[in-house]
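K.L.:
Got a structure for you, written out below as structure tokens; questions coming shortly.
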Amino acid sequence: MKSDQTASSGVAYFGHDVNDAAIRRRVAMLAEAGIPVRLGGFRRSVSGAQGACGGRVVDLGQTGDARLLQRTIAVLRHLLSPRAIRALGGDAQVLVARNLEMLALAARVRRGNQRLVYECLDVHRIMLGNGSKSRLIRWIERRLLACTDLVIVSSPAFARDYFQQRQGRGNAVLLVENKVPAAPVVEPVQEAGAVRPEGTCVIGWFGMLRCRRTLDHLARIVRQSAGSVCVIIAGRPSPAEFPDFAAQVAGMAGVTFLGPYQPHDLPGLYARVDYVWAIDYFEEGLNSDWLLPNRLYEGLAHGAVPIALARVETGRWLARHEVGLLIDDPACDLPGRLPLRGDARLTAMRAAVRAIDPAAVFQTGAERRAIMAAILGGGHA
């Protein structure tokens with residue numbers, strides 16, 4: 001049971017992109033438990049910040065992906081003139097900051113009795129370099145980490161290989177995987193296999209589209225399949241990596257780009273595919289090797305077989321749960337070798353997906369209560 005203090009003051013959530021679906025899921029989780037949540041932060045879109053759970057959003061302005069200098073200036077402006085972020089923090093019991101830039105802002109207006117939680121679900125490449133800029137940013141993060149009560153990560157590799165080994169933070173780190181919040185609503189769509197012939201398959205690449213090497217691999221697989229493999233892409237391309245993604249894929253035979261989607265579109269999207277692409281080279285050897293992406297859990301929740309590299313954290317997760325297609329090199333392992341519909345190997349992989357423990361994919365009520373208790377400081381959930 002929540003305390004009266006929690007009920008009256010709640011949580012102030014500092015988001016790097018207040019329109020980001022993952023941030024809104026976290027806000028919704030808290031709000032559904034009856035915890036008042038005040039959301040504020042920057043936005044990546046030109047349009048204004050959208051209200052979350054019926055509440056007003058404190059809009060700190062627009063920032064851009066891969067525009068580190070512009071984002072730094074925006075943060076400095078609010079650090080020097082903290083009126084807006086002070087209104088966001090207000091008298092909240094807990095300040096939750098998503099990403100380092102928001103942690104700096106939350107720490108700026110934190111009062112002595114406020115709990116500070118740092119959500120770090122990606123480690124940018126600049127945090128891992130050996131140059132003076134990288135060392136400075138890691139030093140700033142270490143100083144801010146000393147003020148935090150809890151760090152939330154989405155993969156054990158972030159806790160192990162970054163926070164513990166590189167930043168010396170081994171305690172008060174909570175693993176919250178990107179599991180599907182609830183069982184998906186299955187729409188009355190025709191089963192995918194009934195509308196595609198044997199000897200074919202479809203790969204889905206959904207979500208944040210930022211990996212140029214992935215697009216190259218998928219295009220090669222389609223070209224070399226002689227028409228047996230198709231690719232469906234849906235999501236938001238990173239403008240920094242793909243200035244005109246739609247035009248780039250328009251001429252690729254066997255590749256279809258559907259554009260952005262909403263969460264309620266996922267059942268229909270996954271009904272069209274056999275595999276979900278869970279490989280990312282955007283920050284190869286660093287963040288891409290450590291993360292456990294949303295599409296891993298969403299794909300499994302909707303019956304798709306994940307394709308992943310065996311050597312990275314996603315591959316290790318799949319190996320532990322005995323599901324998925326694990327490979328070493330897409331260029332060597334997939335063209336001409338991908339199990340197609342009617343192949344006993346694909347049938348067995350789909351059966352393994354259906355048999356996976358739901359607790360590995362879906363966030364249980366007990367998990368949600370434990371997460372909320374950790375955020376609030378224990379004893380409040």
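Where a number appears in this text, it was derived from the coordinates with a stated rule and is not lab data. Not measured: the values here are computed from a predicted model. All Cβ positions, even for glycine, are placed from backbone atoms using ideal geometry, and neighbour counts span all protein chains on display.
K.L.:
Between 0 and 90 degrees, rounded to the nearest ten: what's the tilt of helix 212-223 against the longest Cα principal axis of the chain?
P.N.:
20
K.L.:
What angle, in degrees between 0 and 90 and rounded to the nearest 10, separates the Cα long axis of helix 132-145 from the longest principal axis of the Cα atoms of the chain?
P.N.:
It works out to around 60 degrees.
K.L.:
Specify which residue in the list 307, 102, 232 is farthest towards the positive end of the charge dipole of the chain, using unit charges on the beta carbon of Lys, Arg (+1) and Asp, Glu (-1), about the Cα centre.
P.N.:
Value computed over the given set: 102.
K.L.:
Another question about this same structure. In nm, give the distance between the simple-model label positions of residue 80 and residue 343, each being 7 Å from the Cα along the Cα-to-Cβ direction.
P.N.:
Distance between label points: 5.9 nm.
K.L.:
Could you tell me whether the range 81-188 comes out rounded, prolate or oblate from its Cα gyration tensor? Rule is a ≥ b ≥ c as square roots of the eigenvalues, rounded for a/c under 1.5, then prolate if a/b exceeds b/c, otherwise oblate.
P.N.:
Oblate, since a/c reaches 1.5 and b/c is not below a/b.
K.L.:
Using θ = phi - 60° and the Karplus relation 6.51 cos²θ - 1.76 cosθ + 1.60, list the HN-Hα couplings for the range 226-238 in order, rounded to whole Hz, with x at every Gly or Pro.
P.N.:
Here the 3J(HN,Hα) series is 6, x, 8, 10, 10, 10, 10, 10, 8, x, 10, x, 6 Hz.
K.L.:
Suppose only helical runs count, i.e. DSSP H with n ≥ 4. What mean residue ellipticity at 222 nm does that imply for the chain under -39500 (n - 2.57) per run, divided by all residues and rounded to the nearest 500 deg cm²/dmol?
P.N.:
One gets -10000 deg cm²/dmol as the mean residue ellipticity at 222 nm.
K.L.:
Quick one: putting +1 on the C-beta of Lys and Arg, -1 on the C-beta of Asp and Glu, what dipole do you get for the range 263-372 around its Cα centre, in Debye to the nearest 20?
P.N.:
That gives a dipole near 460 debye.
K.L.:
Then there is this: Could you tell me the calculated FRET efficiency between residue 329 and residue 351, based on Cβ-Cβ distance and R0 = 22 angstrom, to the nearest 0.05?
P.N.:
0.25
K.L.:
Taking only the alpha-carbon atoms of the range 222-381, what semi-axes of the equivalent ellipsoid follow from 5 times the gyration tensor eigenvalues under a square root, in whole Å, largest first?
P.N.:
Over the Cα atoms of the range 222-381, the ellipsoid semi-axes are 29, 21, 16 Å.
K.L.:
Counting pairs of alpha carbon atoms under 8 Å apart in space and at least six apart in sequence, what relative contact order in percent does the chain give?
P.N.:
With pairs under 8 Å counted, the relative contact order is 14 percent.
K.L.:
For the chain, what is the charge dipole size about the Cα centre, in debye to the nearest 20, if Lys and Arg each add +1 at the Cβ and Asp and Glu each add -1 at the Cβ?
P.N.:
Around 1280 debye, computed over the chain.
K.L.:
Another question about this same structure. Helix 21-32 against the longest principal axis of the chain: what's the angle in degrees, Cα atoms only, rounded to the nearest 10?
P.N.:
The helix 21-32 is inclined about 60 degrees to the chain.
K.L.:
Same structure, new question: In a Debye calculation with equal point scatterers on the alpha-carbon sites of the chain and no solvent, what is log10 I(q)/I(0) at q = 0.06, 0.10, 0.13 Å⁻¹?
P.N.:
The Debye formula, applied to the Cα set alone, gives -0.24, -0.68, -1.12.
K.L.:
Looking at the range 316-351, which trypsin sites (Lys or Arg not before Pro) are DSSP coil and have at most 13 other C-beta atoms within 10 Å of their C-beta?
P.N.:
Loop-located and lightly packed - 337.
K.L.:
Give me the percent relative contact order of the range 256-374, please, defined on Cα pairs under 8 angstrom at least 6 residues apart.
P.N.:
This gives 21 percent for the range 256-374.
K.L.:
Under 1.5 on a/c is rounded, so check that first for the range 119-259, then, if it is not, pick prolate when a/b is larger than b/c and oblate when it is not; a ≥ b ≥ c are the square roots of the alpha carbon gyration tensor eigenvalues.
P.N.:
It comes out prolate by the Cα gyration axes.
K.L.:
Rank 365, 15, 41 by mean-square fluctuation in a GNM of the chain with C-alpha springs under 10 angstrom and give only the top-ranked residue.
P.N.:
Per the Cα network of the chain with a 10 Å cutoff, 365 tops the list.
K.L.:
Sticking to Cα atoms, compute the Rg of the range 188-299 to one decimal and its Dmax as the biggest Cα-Cα distance, whole number, in Å.
P.N.:
Rg, Dmax (Cα atoms, Å): 14.0, 41.
K.L.:
Of 176, 87, 62, which is farthest on the positive side of the dipole of the chain, counting Cα position, with +1 on Lys and Arg Cβ, -1 on Asp and Glu Cβ, and the Cα centre as origin?
P.N.:
87
K.L.:
Need one number: nm distance between label points at residue 91 and residue 241, each 7 Å from Cα along Cα→Cβ, rounded to one decimal.
P.N.:
Distance between the two pseudo-spin positions: 4.5 nm.
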